[in-house]
Amino acid sequence: DAKTTQPNSMESNEEEPVHLPCNHSTISGTDYIHWYRQLPSQGPEYVIHGLTSNVNNRMASLAIAEDRKSSTLILHRATLRDAAVYYCILRVYQTGANNLFFGTGTRLTVIP
Amino acid sequence: DGGITQSPKYLFRKEGQNVTLSCEQNLNHDAMYWYRQDPGQGLRLIYYSQIVNDFQKGDIAEGYSVSREKKESFPLTVTSAQKNPTAFYLCASRQDSYNEQFFGPGTRLTVL
């Protein structure tokens, strides 16, 4: 299975930017990089995804290294509602299915 | 409102009993998924279905069964053969031509 490596936990002060790193050294050319986040006792929520180029949306930015072996999710101004577990996931195309392989994620704590 | 519903939120069963978890979506999505999450862990794929009357095993299908008789419904049965069924179960769906998976609120199953 395609795997990602993330720090177990990170802290950020409220209203400051947060950079959440992810390593995926075994990524193949067709694997997309996805980020989801999960609040306690809720289902995960899609954040952003990309293939090669950096991506921006209303929630976050995704910076992808040139060799694609690592990426960084950037929250531009952390709020208390951003406290969650963030999962960096590789979407692997297998026999027509676009399945996601979740790791243990990074637990982000936002300090008021 | 469009979305995914899972019921009930909490479910208790005695050991040895089969139990069926419901998952309904009104997003007109083709693909549906079932995941299991244990405390402090990421999600693991149990089963997925890309189309009505077709489904595939995920990474941890043993002790589980599914059906996909209707596009909007993908129930999961946890059988007595599942050795450690107590967990948080999440259902998701995806529109075939898009990347994002939408998750339901989850069902927390406790087997006594």
* With the contact rule set at Cα under 8 Å and sequence spacing of 6 or more, what percent relative contact order holds for chain B? -> 35
* To do: Starting at the first residue of segment A:5-13, write each ³J(HN,Hα) from the Karplus equation 6.51 cos²θ - 1.76 cosθ + 1.60 with θ = phi - 60°, in whole Hz, x for Gly and Pro.
  => 10, 10, x, 5, 8, 8, 10, 8, 7
* Place a +1 charge on the Cβ of each Lys and Arg in segment B:15-73 and a -1 charge on the Cβ of each Asp and Glu, then give the dipole magnitude about the Cα centre in debye, rounded to the nearest 20. => 80
* Provide the net charge surrounding A:Tyr32, with neighbours chosen by a C-beta distance below 14 Å and charges set as Lys +1, Arg +1, Asp -1, Glu -1. => +1
* Structure fact -> As a Kirkwood estimate from alpha-carbon pairs, segment B:35-112 has a hydrodynamic radius in angstrom of 13.3
* Which listed pairs, of B:Lys14/B:Lys71; B:Lys9/B:Lys70; A:Lys3/B:Lys57, have C-alpha distances above 26 Å, in listed order -> B:Lys14/B:Lys71
* Structure fact -> Computed over the protein assembly as shown, the Cα gyration tensor eigenvalues, each multiplied by 5 and square-rooted, give semi-axes in Å (largest first) of 30, 20, 16
* Per residue of A:31-41, what is the mean number of Cβ atoms on other protein chains within 10 angstrom of that residue's Cβ? -> 2
* Can you check what the net charge comes to around B:Pro85, using other residues whose Cβ is under 13 Å from the Cβ of B:Pro85 (Lys, Arg +1; Asp, Glu -1)? => +2
* To do: Over both sides of the B-A contact, add up the buried accessible area with a 1.4 Å probe and give it to the nearest 100 Å².
  => 1700
* Using the Cβ atoms and a cut-off under 15 Å, what net charge is assigned to the surroundings of A:Leu108, where Lys and Arg are +1 and Asp and Glu are -1? -> -2
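The values are calculated or read from the model by the stated rules, or taken from the named source; none is laboratory data. Predicted model only: the values in this text are computed from it and were never measured. Cβ: placed from backbone, ideal geometry, glycine included. Neighbour counts: every protein chain shown. SASA here: full protein model, heavy atoms, side chains in, ligands and nucleic acids out. Shrake-Rupley method; radii C 1.70, N 1.55, O 1.52, S 1.80 Å.
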